[in-house]
Amino acid sequence: MIRVVDGVTFIKHTIVLGQRQAIAGIEHALIDMKADGYRKVRISPHLAYRDKGIPGLIPPGAVLICEIWLRTIGNLSSGESL
């Protein structure tokens, strides 16, 4: 879940770590987390959406507060695609 500081915007999604499917701040926050773990992080704009934001969703230069629940950790088999 991602919410903009002083805002009510929420986003839920699943990612594969290292595939650049998430902003840098989320990737950094996931490092060393364990399955069923929880982490709440504050992400500066330079590790999020910088001055671009996401029109209608996240304003430019926004600081994000992210609550991360890591449900499972898995490995892709050598022949499996994303």
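Quick one: how many residues across region 38-53 are touching a helix residue (DSSP H, G or I) at 6+ places or on another chain (Cβ under 9 Å), part of a loop (DSSP other than H, G, I, E, B) and surrounded by 15 or more Cβ atoms within 10 Å (Cβ to Cβ)?
So the answer is 2.
Which one is surrounded by the most Cβ atoms within 10 Å (Cβ to Cβ), of the residues in region 54-74 that are out of contact with any helix residue (DSSP H, G or I) (no Cβ under 9 Å at 6 or more places or on another chain) and assigned to a loop (DSSP other than H, G, I, E, B)? Before you say what the answer is, go through the steps one by one.
From region 54-74, those out of contact with any helix residue (DSSP H, G or I) (no Cβ under 9 Å at 6 or more places or on another chain) are 54-59, 65, 67, 69, 71-74; that's our starting set.
Those left that are additionally assigned to a loop (DSSP other than H, G, I, E, B): 55-57, 59, 71-74.
Working: PRO55: 8, GLY56: 7, LEU57: 13, PRO59: 15, ARG71: 8, THR72: 7, ILE73: 12, GLY74: 8.
This residue is PRO59.
Restricting attention to region 41-64, report how many residues are more than 16 Å from HIS13 (Cβ to Cβ) and either over 15 Å from the mean Cα position of the chain (by Cα) or modelled with pLDDT under 95 (or both). Steps first, please.
The first filter runs over region 41-64 and keeps only residues more than 16 Å from HIS13 (Cβ to Cβ), leaving 42, 44-47, 50-53, 55-56, 59-63.
Next, from what is left, pick out any that are either over 15 Å from the mean Cα position of the chain (by Cα) or modelled with pLDDT under 95 (or both): 51-53, 55-56, 59-63.
Here the count works out to 10.
Find the residue count for region 10-37, including only residues that are surrounded by 15 or more Cβ atoms within 10 Å (Cβ to Cβ), over 14 Å from TRP69 (Cα atoms) and not β-branched (Val, Ile, Thr).
First, the residues of region 10-37 that are surrounded by 15 or more Cβ atoms within 10 Å (Cβ to Cβ): 22-23, 25-27, 29-30, 33.
This time we only want the ones that are over 14 Å from TRP69 (Cα atoms), so: 22-23, 25.
Adding the requirement that they be not β-branched (Val, Ile, Thr) leaves 22, 25.
Matching residues across region 10-37 total 2.
The values are calculated or read from the model by the stated rules, or taken from the named source; none is laboratory data. Treat the numbers as computed from the prediction; the structure is a model and nothing was measured. With ideal geometry, Cβ positions are generated from the backbone for all residues, glycine too; neighbour counts draw on all protein chains shown.
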